[in-house]
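*Asks:* The structure that follows is given in the form of C-alpha cells.
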Amino acid sequence: MEEMNLLDRFEAYVADNKKVEPKDWMPDAYRKTLIRQISQHAHSEVVGMLPEGNWISRAPSLKRKAILLAKVQDEAGHGLYLYSAAETLGIDRDTLIEELLSGKAKYSSIFNYPTLNWADIGAIGWLVDGAAIMNQVPLCKCSYGPYARAMVRVCKEESFHQRQGYQILLTITQGTAEQKAMAQDALNRWWWPSLMMFGPSDADSPHSATSMRWKIKHFSNDELRQRFVDMTIPQAEILGLTVPDKDLKWNEERGHYDFGAIDWEEFYNVIKGNGPCNKERLAARRKAHENGAWVREAAVAHANKRAAKTKAA
Ligand code: FAQ
C-alpha cells in the first residue's frame, strides 16, 4: 500500500474526529490559523471585560455588583485559559500581548461599542454571551485538544453569564415604562452588533472552508447566526421587547426566521479600528499593561531566586 504523506494522514486523522495534541505533527497553516483564532478569542475575553467593568462601581445593588464582579473575573480567567492554549502552539504570551497592544491582532468587534446604561449590562449578558455560547459550544469539539478542553469550562461559565443578563432585563422590563424603554433602547443598540459577532457571511469568510475541513469550526458563520436569531426571538417576546428589524419574520417553509441585511460596512469599519470605542479600549489595555509591569518583574525576580536556590541546594 502506498504510504500516505503527512498532510494526507493529518487530514484523515481530523476527518475521523480525532484530537490533535501540541506535540503531534500538524500543517503550518493549521498551527497558524489556530494561533490566530485562539489569540483573537483570548484578546476578546480580556478586552470584553472593559464595557462591563465600566458598570461595576455603578451597579444598582450590592448583589448585582457582586454578580457582575464575578462575571468580569470569569472573563479574565477565560483569557488566561485561551492564552495558555495558544502558547501550546509554540508562541509566547508576550508576543501575543504585543500584537494586541500594537493593534495588529483583532479582537471581537462587539467590544468596541459603549455601555451607556445599566440595561446594557443585561443586553451584553443576554445577547453577547448568548452569541458567544452559540459560537463556542461547537468549539468544545474542536480538533485541537487544548482549545477544545479550555472551551468546556468557558462554555459552562458563559451559560451562567447569559442567564444573569437575561434576568437583569426580565427585572427591568417588569418595572416602570421608563425602565422598559431603557431595555428596548439597549436591545436596539446591541442587536445588530451581536449578529456581527459571528463574522462575515459565508461567501466572504476567507477562513471558514479550511477551518471546517480541519474541524476547528463545525458550523459556518451564517449557520450559527441563524441559530442565534431563532433562539433569541422567542426570548425577546417573553421580555416584551421588539427586535429592531422590520424584515424579521418566521419563514414556515425554511423553519427559521428570515432577517434583514447586516450593515457590513459598519462591521469592517469596526474591525479596522474605527468603531465607537476602539481607541479607548486599546488605550485602557495599554495602561493596564504598563501598570502591571511591576507584577511581571516581581514574578520573574521571584522565579530567578527560586531557581538559584534550587541550583545551590
Ligand atoms: N470581530 O474568515 P472569517 C465573548 C475577522 S468572546 C472581529 O470568518 P474565522 C465572551 C477574522 O478574525 C467573543 N474580527 O474568520 C465575552 C478574520 O480576520 P483575520 C469572541 C472578526 O476565524 C462575552 C476575518 O474577520 N469569540 O464574546 C469578527 O474563520 C461577554 C475573516 O473572518 C471568539 O473569538 C468579529 N466579530 O471566523 C467576553 C470565538 N468576525 O484573522 C466578555 C472564536 C470575523 O484574517 C463579555 N472565534 N473577524 O485578520 C471564532 O469562532 C472565529 O474566529 C470567528 C471568525 C467566527 C469569530
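*Asks:* Looking only at segment 56-77, filter to residues that are under 20 Å from Ala186 (Cα atoms) and within 12 Å of the ligand (Cβ to nearest atom); which one of those is surrounded by the fewest Cβ atoms within 10 Å (Cβ to Cβ)?
*Replies:* Val72
*Asks:* Scan segment 92-114 residue by residue and report those that are over 17 Å from the mean Cα position of the chain (by Cα) and within 13 Å of the ligand (Cβ to nearest atom).
*Replies:* Of everything in segment 92-114, those that are over 17 Å from the mean Cα position of the chain (by Cα) and within 13 Å of the ligand (Cβ to nearest atom) turn out to be Glu99, Gly103, Lys104.
*Asks:* Do we have Ala123 as touching a residue at least 60 places away in the same chain (Cβ under 8 Å), assigned to a helix (DSSP H, G or I), touching a helix residue (DSSP H, G or I) at 6+ places or on another chain (Cβ under 7 Å) and more than 10 Å from the ligand (Cβ to nearest atom) here?
*Replies:* Answer is yes for this residue.
*Asks:* Still on this model: Check whether at least one residue in segment 288-301 is surrounded by 12 or more Cβ atoms within 10 Å (Cβ to Cβ) and either charged (D, E, K, R) or not in a helix (DSSP H, G or I) (or both), and report yes or no. Step through it out loud before you land on a result.
*Replies:* Taking segment 288-301 as the starting set, the residues that turn out to be surrounded by 12 or more Cβ atoms within 10 Å (Cβ to Cβ) are 288-289.
Adding the requirement that they be either charged (D, E, K, R) or not in a helix (DSSP H, G or I) (or both) leaves none.
Within segment 288-301, none of the residues are surrounded by 12 or more Cβ atoms within 10 Å (Cβ to Cβ) and either charged (D, E, K, R) or not in a helix (DSSP H, G or I) (or both).
*Asks:* Quick check on my filter: what residues within segment 19-34 are touching a residue at least 24 places away in the same chain (Cβ under 8 Å) and of a type in the set (A, V, I, L, M)? Lay out the reasoning, then the answer.
*Replies:* Taking segment 19-34 and keeping what is touching a residue at least 24 places away in the same chain (Cβ under 8 Å), we get 19-22, 29-31, 33-34.
Of everything in segment 19-34, those that are touching a residue at least 24 places away in the same chain (Cβ under 8 Å) and of a type in the set (A, V, I, L, M) turn out to be Val20, Ala29, Leu34.
*Asks:* For segment 12-30: of the residues being of a type outside the set (Phe, Trp, Tyr) and buried (at least 16 other Cβ atoms within 10 Å of the Cβ), which is farthest from Gly79 (Cα to Cα)? Talk me through it step by step, then tell me what you get.
*Replies:* Of the residues in segment 12-30, the ones of a type outside the set (Phe, Trp, Tyr) are 12, 14-24, 26-29.
Subsequent filtering for residues that are buried (at least 16 other Cβ atoms within 10 Å of the Cβ) retains 14, 19-20, 26.
On the way: Val14: 26, Lys19: 22, Val20: 21, Met26: 24 Å.
The qualifying residue farthest from Gly79 (Cα to Cα) is Val14.
*Asks:* Here is a follow-up. Could you pull out the residue among Gly77, Gly53, Gly90 that is of a type outside the set (A, V, I, L, M, F, W, C) and free of Cβ contacts under 8 Å to residues at least 40 places away in the same chain? Let's see the steps before the verdict.
*Replies:* On the way: Gly77 fails: free of Cβ contacts under 8 Å to residues at least 40 places away in the same chain; Gly90 fails: free of Cβ contacts under 8 Å to residues at least 40 places away in the same chain.
Checking each option against the conditions leaves just Gly53.
*Asks:* Against the conditions (1) under 20 Å from Cys140 (Cβ atoms); (2) surrounded by fewer than 18 Cβ atoms within 10 Å (Cβ to Cβ), where does His161 fall short? Just the number, please.
*Replies:* The single condition His161 does not satisfy is (2).
*Asks:* Follow-up. Does Pro146 meet the test of being touching a Ser or Thr at 6+ places or on another chain (Cβ under 7 Å) and closer than 24 Å to Ser211 by Cβ?
*Replies:* So Pro146 passes the test.
*Asks:* Ok, one more. Of all residues in segment 257-277, which are surrounded by 10 or more Cβ atoms within 10 Å (Cβ to Cβ), under 29 Å from Met231 (Cβ atoms) and within 16 Å of the ligand (Cβ to nearest atom)?
*Replies:* Ile262, Asp263, Trp264, Glu266, Phe267, Tyr268, Asn269, Val270, Ile271, Gly275, Pro276, Cys277
*Asks:* For segment 39-55, which positions are more than 10 Å from the ligand (Cβ to nearest atom) and over 19 Å from Arg286 (Cβ atoms)?
*Replies:* Hit for segment 39-55 is Trp55, nothing else.
*Asks:* I'd like to verify a number: residues in segment 251-277 that are among the acidic types (Asp, Glu) and assigned to a helix (DSSP H, G or I), how many?
*Replies:* Number satisfying all stated conditions: 2.
*Asks:* Being more than 10 Å from the ligand (Cβ to nearest atom) and either modelled with pLDDT of 95 or more or among the hydroxyl-bearing types (Ser, Thr, Tyr) (or both): is that true of Met151 here?
*Replies:* Against the criterion (more than 10 Å from the ligand (Cβ to nearest atom) and either modelled with pLDDT of 95 or more or among the hydroxyl-bearing types (Ser, Thr, Tyr) (or both)), Met151 does not qualify.
*Asks:* Determine whether Arg36 is of a type in the set (Lys, Arg) and within 9 Å of the ligand (Cβ to nearest atom).
*Replies:* yes
*Asks:* Quick check on this structure: which one of Ala150, Ala131, Ala181, Ala186 is among the small types (Gly, Ala, Ser) and surrounded by fewer than 17 Cβ atoms within 10 Å (Cβ to Cβ)?
*Replies:* Criteria check complete, one pass: Ala181.
*Asks:* Here's a check for you: in segment 115-144, which residue that is closer than 20 Å to Phe228 by Cα and among the small types (Gly, Ala, Ser) is farthest from the chain's Cα centre (by Cα)?
*Replies:* It comes out as Gly122.
The values are calculated or read from the model by the stated rules, or taken from the named source; none is laboratory data. As the structure is a prediction and not an experimental result, all values here were calculated from the model. Note that each Cβ is placed from the backbone with ideal geometry, even for glycine, and that neighbours are counted across all protein chains shown.
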